[in-house]
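Below you'll find the structure, written out as C-alpha cells, and then a few comments.
What follows is calculated from the coordinates using simple rules that are stated; it is not laboratory data. All values reported here derive from a predicted model rather than from experimental measurement.
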Amino acid sequence: MEQNKDLNQFDIPQAKRIYLNNSNSILFKKLLIFSPFLFLLLTIFALRLNRNIDRGPFGNFNFQAQIIHDHRILGHLPYNEIPKDKLVLIEPNIEVHIDMRDSLLKMREEAKKDGIYLVFLSGYRSINLQNEIFYSLKSIRNQEAAERARVSAPPGYSEHSTGFAIDFGDATQRETDFETEFENTDAFRWLMKNAAKFHFKLSFKKNNEYIDYEPWHWRYEGSIEALKVFENSNRKS
Ligand SMILES: [Zn+2]
C-alpha cells in the first residue's frame, strides 16, 4: 500500500510532464508557421496607428507632422497664407510679415552704406494672386504645369504667401530684375556676403532638383515662426 502510493506519486508527475512537453512543442510549431502572418499583422497595425496619430486633430504640432508626409507638388512645398493682422506695408505694393520688417529695412540701410541699392520687387503675394500668376503666365507661355513650376510656384505652394519671402533687384541694374543675370550684380554679391547676418537665406540655389535658380528670391529665418514655416524645406534641402 505504502509502495503503491509512492509509485503513483512518481508516475503522475512524469505523465503530466510529458503531456506538457508535447503541448509546448505543438504550440511552438504553430507559432513558427504563423509567425510571418503575425509579423505582417503587427506591421499593418503599427503603420495604421502612425497614420492616425499624424491625422489626429491635435492642432499645430500634428499639422506640421502631416505636412512632412504631404510632400511636394512639382517640387514645391505647401505654405499657408499669412494671417492679415501680421502683414505690414513697408512701401507702396510691398507687404511683408511683421517679424521680418525691421531686419529687412535695416539690411537695406546697411547695404546703402556700402554703396549698394537694394530694390524690393515682390514681398507677400496672396494665394489668389499666385493663382493668376501661375495660370495666366502658364497659358501665355504655352507651358505645361511642370515646366511653369520650375520658375513659378503653384498657388498655395509659394513662399511669398507666408510673408517671409522677398525678391530683390539692384537699383543700378533694373534689367536684371527676376533674371538669372541678377547674380552678376553688386547687389547679389553683397547679399551673398551679408544677408545671413540679417537672417536671410537664398531659397532656390543652383543645384535645386525641381526649381530653377532664383538669385533674387530670399527668405527670412530670423524668428521662431519663420523657422517653423520653413522647417520642412530646411529638412529636405
Ligand atoms: Zn520670389
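Taking 16 Å as the straight-line reach from the Cα of K206, the aspartates and glutamates in range (excluding those fewer than 8 positions away in the same chain) are E179, E181, E183, E214. Sorted largest first, the spans of the alpha carbon positions of segment 109-237 along the three principal axes are 43, 35, 27 Å.
Between D186 and I127, full extension at 0.36 nm per residue minus the direct alpha carbon distance yields a gain of 18.0 nm.
List the aspartates and glutamates whose Cα lies under 19 Å from the Cα of K84, skipping any in the same chain that are fewer than 8 positions away. Here the aspartates and glutamates satisfying the reach criterion relative to K84 are E95, D99, D102, E159, E225.
Kindly flag which residue pairs out of K86/K106; K113/K193; K86/K205; K86/K197; K113/K201; K106/K228 have an alpha-carbon separation exceeding 25 Å in this structure.
Violating the 25 Å Cα-Cα cut-off are K86/K205.
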